[in-house]
């Protein structure tokens, strides 16, 4: 699919200056784990992609197929027993459109690391880490609900927030923030009425119908 | 027509008596959804004290209540449950849309939120505020009482 | 859309959704063989989304065997409005009031959590006095949140009077917030780069007045509850979750600490001024409802200690309350009213606001009353985030609920839900 470039309505964008490289006042030691990153690179070689550092936070890009192995390795070898966060990112207009981030905590060592997996738009499937971290269960469901990223091997991949009757993925960039009219039905305005299909005109334009007519 | 009544009697209309009784025993059905629900608790709590108006009895069963206070933003997913509960409440019943979100969608102008409960409920009183103070909820309750006192069960002057 | 009319119902309640929800309930734990004994009858019970004891709009679908819960499926999302989507269309400062409405029991903590994340993204250093005031108010809001939790939870187990007592003190706290922030409930007091206004002398006096009264009152309540036969019997040994289970399922906050894990973001990665303060992290080993109650009770006492230390420091610590950099924070009102530059900066801050460098991404976690509250932000170089992800503690805590309810008695459901202290506005994002 050909993407058009997003244009923004204002443009006071400063390019990153050298001064932005100075020490971040809120940077923490806990988010910098060089040992684990080196060990990962030794163990998995080219299946580990870039390693970035911003505000003293390590982000490790991991190949999609080996995310479960990487998590198991970190859990067994470096004490990352606790999954704190998991979420999706839509990098609309980029080559590999979706990202899934994993935020792991090693409590004994006092460290935190972020893993990322990049996915193609045509095939947004990741192996589920539910077996390693049961805490990922709901987060993966949320990610499926919001982005349409499927998690292979998840025992119960239903929508988390939206009803199953809904067919879109709201946090994708092409989804309008006010929703798609008609995609979610409203209850009827009368006791025996029909379900109202399109709420928007009633919400923002014409007045809502009265339940009972006023006596003259 | 004048009646020779002894002391201890007074004359009135049936409507007035019924409305007086109804208006001083409005039992709310607290449809507490979000932040406003906490202020609704404060409305029932010790400082604002809703019992001065005969409304301290929060009935969580719709069958026993006659005033629904919708407090908080209403998502499309929740709207069907609210409408079902409203239909379970016995007539006569009244509805307060508490706060900006319940009245108009408020700051949550987004895909998940119904832009005002009046899209599917007949609202009697809207309360502005995000969230409204308990005093504002008391004011709305007094408005409801006023409305009840002015209702009439029998048509006046042959009106249908 | 097809409308099913079964049992004369004119509209159906999310037909496909419910079908899949109950299909999941049926298919869960398939290893349990269905009994052929005709006397053993199974029953499906739907609890919520409108139920007084579910603390909002939580929905539990339960499969019962007599009074025991055989399997349980939690359905959330009845308050979902998509604030992550909203954030992408707002400037950073514009989004801050939305965080009030996430965990609406402790709005100040959420404000601070969001502002800290943005400050980390843009590399803004906040003046020390502002950090102390933020810490003080966050701890007051922790007390306020735990008070509401205590009132409603004791009410769930059948005692109404504690609810009225705690609300009396919440009203005092509301008055303090009203004085300090200008709003009693949704405060929106924190700003990127500092806070909106300084503490007034009256505000300080009110806090000074509140602390001893509250400590005394708390000491009076606690023996009443800790030795109350009904309260203890209903909580002890109910909803037990072991340390390993709690870690695996990702519980956080007081619920995790009640299972014996000494994990608190205030000590794990200290933010604001927590590394300069002296306080303990209450921990319990039992992992049941009663332990969660005791942990929160001790946390309130620790919060009082922190507030006291902050007040003592603030008495001598003078200085600005917002960073003096027009690209990072709003100028003061004096500047806006009396200088042209100030006014221009005010307009630019409102229109565009802080512009962190393109491609920057940070995660900043704070210890909210419910647990680890983290904001993950990605900047695209403009005034609004490209993506904002919220790691909300209630969401992660609720996930454990399914496991905790299974095997329990139906009467303990409300106790367990209450002891987890979920807030649906936060869990549903």
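Where a number appears in this text, it was derived from the coordinates with a stated rule and is not lab data. In this text the structure is predicted, and so the values were computed from the model without any measurement. Note that each Cβ is placed from the backbone with ideal geometry, even for glycine, and that neighbours are counted across all protein chains shown.
Numbers at a glance
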{"quantity": "Helix C:340-351 vs. chain C, principal-axis angle (Cα, 0 to 90°, nearest 10)", "calculated": "20 degrees"}
{"quantity": "Shielding of C:380-392 by partner chains, average beta-carbon count, 10 Å", "calculated": "5"}
{"quantity": "Rg/Rg_globular for the range B:35-160, with Rg_globular taken as 2.2 N^0.38 Å and Rg from C-alpha atoms", "calculated": "1.09"}
{"quantity": "For chain C, average projected area of the Cα convex hull in nm²", "calculated": "24.4 nm²"}
{"quantity": "Helix axis angle, B:76-88 relative to chain B longest principal axis, alpha carbon, degrees", "calculated": "20 degrees"}
{"quantity": "Computed log₁₀ I(q)/I(0) - Debye formula, equal Cα scatterers, no solvent, the range C:221-282, q 0.14, 0.19, 0.29 Å⁻¹", "calculated": "-0.59, -0.86, -1.12"}
{"quantity": "Chain C: most fluctuating residue of C:126, C:180, C:348 per GNM, C-alpha cutoff 10 Å", "calculated": "C:348"}
{"quantity": "Average other protein chain Cβ within 10 Å of Cβ, residues C:14-23", "calculated": "4"}
{"quantity": "For the range C:229-386, the Rg and Dmax computed from alpha carbons only, in angstrom", "calculated": "21.7, 68"}
{"quantity": "Calculated FRET value between residue C:334 and residue C:202, using beta carbons and R₀ = 22 Å, to 0.05", "calculated": "0.55"}
{"quantity": "For residues of B:104-110, the mean tally of beta carbons on other chains within 10 Å", "calculated": "6"}
{"quantity": "Computed log₁₀ I(q)/I(0) - Debye formula, equal Cα scatterers, no solvent, the protein assembly as shown, q 0.05, 0.08, 0.10 Å⁻¹", "calculated": "-0.27, -0.69, -1.11"}
{"quantity": "Among C:382, C:316, C:252: highest mean-square fluctuation, GNM of chain C, C-alpha pairs under 10 Å", "calculated": "C:316"}
{"quantity": "Ranked packing of A:67-79, C:165-177, most packed first, by mean Cβ within 10 Å", "calculated": "C:165-177, A:67-79"}
{"quantity": "Dimensionless Rg/Rh of the range C:306-385 - Kirkwood Rh, Rg from C-alpha atoms", "calculated": "1.09"}
{"quantity": "Against the rule of thumb 2.2 N^0.38 Å, how large the Cα Rg of the range B:12-103 comes out", "calculated": "1.13"}
{"quantity": "Mean-position separation - Cα centroids, the range C:342-364 and the range C:158-202, in angstrom", "calculated": "28 Å"}
{"quantity": "Quarter of Cα convex hull surface for the range B:50-121, i.e. mean projection, nm²", "calculated": "4.9 nm²"}
{"quantity": "Helix B:35-44 axis, angle to chain B major axis (alpha carbon atoms, nearest 10°)", "calculated": "30 degrees"}
{"quantity": "Packing rank of C:319-326, C:362-369, where each peptide gets the mean count of other beta carbons within 10 Å, highest leading", "calculated": "C:362-369, C:319-326"}
{"quantity": "Orientation-averaged projected area, Cα convex hull of the range A:54-174 (nm²)", "calculated": "7.9 nm²"}
{"quantity": "Relative packing of peptides B:69-81, C:383-395 - highest average C-beta neighbours within 10 Å first", "calculated": "B:69-81, C:383-395"}
{"quantity": "Spatial separation of Cα centroids for the range A:105-131 and the range A:140-163, in angstrom", "calculated": "15 Å"}
{"quantity": "Net length gained if the chain between residue B:88 and residue B:12 were fully extended (0.36 nm per residue, minus Cα distance)", "calculated": "24.1 nm"}
{"quantity": "Computed [θ] at 222 nm, deg cm²/dmol, the protein assembly as shown (DSSP H ≥ 4; -39,500 (n - 2.57); rounded to nearest 500)", "calculated": "-12000 deg cm²/dmol"}
{"quantity": "For the range C:59-143, alpha-carbon Rg over 2.2 N^0.38 Å", "calculated": "1.58"}
{"quantity": "Centre separation in Å (Cα based) which lies between the range C:58-103 and the range B:27-74", "calculated": "22 Å"}
{"quantity": "Candidates C:360, C:315, C:117, ranked by Gaussian network fluctuation over chain C, Cα under 10 Å, top entry", "calculated": "C:315"}
{"quantity": "Cα-based convex hull, the range C:48-197, per residue volume (Å³, whole number)", "calculated": "132 Å³"}
